[in-house]
Structures are given as structure tokens and as C-alpha cells.
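Input: a single structure, listed below in C-alpha cells.
The values are calculated or read from the model by the stated rules, or taken from the named source; none is laboratory data. In this text, all values refer to a predicted model and were calculated from it rather than measured experimentally. Reconstructed Cβ throughout: ideal geometry from the backbone, glycine too, with neighbour counts over all protein chains shown. Side chains are part of the model used for accessible areas, which takes the heavy atoms of the whole protein and leaves out ligands, DNA and RNA. Shrake-Rupley method; radii C 1.70, N 1.55, O 1.52, S 1.80 Å.
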Amino acid sequence: MEDAVSQLLENREDISQYGIARFFTEYFNSVRQGTHILFREFSFIQATPHNRASFLRTFWRCFRAVGKNGDLLTAKEYHCLLQLLCPDFPMELTQKAARIVLMDDAMDCLMSFSDFLFAFQIQFYYSEFLDSVAAIYQDLLTGKNPNTVIVPTSSSGQHRSRLAPSECSPLDGVEASLFYHCLESLCDRSKYSCPPSALVKEVLSSVQRLTFYGFLMALAKHHGINRALGALPDKGDLLLDPPMDQELEKLLSQVSGLSISTPAGSSGDIANLPTRRAPWKPLHHCQKVNIESDGSTDETESSEN
């Protein structure tokens, strides 16, 4: 509601032309549809779980064509796509997501859309949880007692740096059962979003030991965690988006039916053609992007997927 009032004040001159009631109708419709996060600042898109899920869904729908075409991109290229939707999106989050996919490979290696998307989902939606998991993992590696659950107190926009596995951990990682015991306590106490503890247990019960990024990759690939989060379809359906495809078909049929010829006796002046003002959008758009959406099942060029 605070953001709605802020948008109302910011755009009061436009709103005065058709009324406050219509503004609130359009604003809350955009929130329900998940389009309210378009072109907004990072502090806004990561402010609530609904905003985060909406951003993930929008990113998938807008850039589904990347996966459909089989394109492989670098972390920097994926970051450019993220910035089309959120101009101040931090590169650090993109790099952390890429590290989940690439692990020990160089950060300029190519990644498929599906691999990056599911890794990015875990990193972005559960960012604070993963920062606490990283601290617990480090304590276990160094033999410290991680009984004190570490919960981030700074703003979500200020993310703690993470050491690469080669800098901080033995190749065999930590004991999975002890790791789960610590994470179960974290999930119970954390005020931030966490994966369901039963699914975390399922991931960790399948191995005896694991590394930090091995754990994150397992989370990213887990179908149950993806469904619990509810922002993205299963990997097998990543290229499918019937509602968007129907809208695109409608637009294409409308465009193909247009005629650019002018009636006889017309002055030919486009300014004389009747115009219709587009409905006002309750968001402050710093840029507009016309992009088709799509996803991927291609494999990433990395040593480990």
C-alpha cells in the first residue's frame, strides 16, 4: 500500500485525468498479475517474496526465446538481460547464480538458459538463507560449533561475499547429516524465506558428504523445491507458455491485417489519424522493452551440471 500511495503522488498529474479509483484498480491488477515489478529499482523487486517470485516469472517469460533458440550465454550477458527488467540489478547476484552452475569453471563459460534460470531462482529468492548457509558451512569446515544461527541483519541489497570452494573447502566437503542438523535449526529460526526443511532433508539424505556449491546445485535441480516456490514451471515445460503464445498470435494477426495505404483525397498526414491514449501504467518506467519470452533444456558448457 505504501508503494501504491508513492506511485499515486509521483504520477498525480496523469492520474487526475481519469481518477484515483482507476489508478488503484490498475495498480492492484498489476500486482496480481506480477507485472508491477517491471523496470523498478532492485530494492523494490527484492522487498517481498511475491515481488521476487513475480520477477523470476517475468524474467522467464520475457527471455524464453533464449532457451528456445538454444543460445548459450555468459554471466555478463545474462546480467544484461536482468538489467533490461531492473536497471540497477547487482552483478554480484548474477555472479553467485553463475557460480552455482559453473562451480570450478571460469566465470566466462557459457550457460544454457535453463541451467542459469533455476540456479538464479535459488540464489535470488533464497538469498539471505544462502548467506547464512555459507556461514554455517564455513564453521563446519573449520571445526567451529555452528550452534548460533546466523541470520543476516543488513538489507538484502547488501550481500556478503562468498569464497570460492577452491579457496575454503576440502574437495569432500562436510558431513551431510551434521549439515542438515544445522540447517534445520536455521529454517526454524530464520525470518527470511527458506526452502521447506523436509525437502532440504531429502536433498541431504541422499549423500554422505557434499560441498557448498554441490548443495546449491542440488537445490536448484530439485523439482519439489521449484514447485514449492511456485514461480517457474518444471524444466520439461520451460519452453511452454500458452497464454503468452496466444497473446503473441493475436498481436501478429493484428499487425498482418494492418494496411499502410491512405484513402484517396487524404492529406496523408499521420497526425490527422485518430489516436487512442494507452492506459496509464502505475509504475515509473525508466525504459520500455519489447521482448518475446522463452526457456531452455540445453546443457551448459561446464564441467559439472
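Heavy-atom surface analysis with a 1.4 Å probe gives the range 1-136 a carbon and sulfur content of 55 percent of its accessible area. Sorting Lys76, Lys201 by solvent-accessible area of protein heavy atoms yields Lys76, Lys201, largest first, with a 1.4 Å probe. Model label points for Asp234 and Met91, set 7 angstrom from Cα along the Cα-to-Cβ axis, are 3.9 nm apart. Cross-link check: pairs Lys96/Lys144; Lys68/Lys235; Lys68/Lys96; Lys68/Lys250; Lys201/Lys221 evaluated at a Cα-Cα cut-off of 22 Å; pairs beyond the cut-off: Lys96/Lys144; Lys68/Lys96.
Our coupling estimate for the range 187-200, obtained by passing each phi through the Karplus curve with A = 6.51, B = -1.76, C = 1.60 and θ = phi - 60°, is 5, 6, 9, 5, 8, 9, 5, 10, x, x, 4, 5, 6, 4 Hz, Gly and Pro reported as x.
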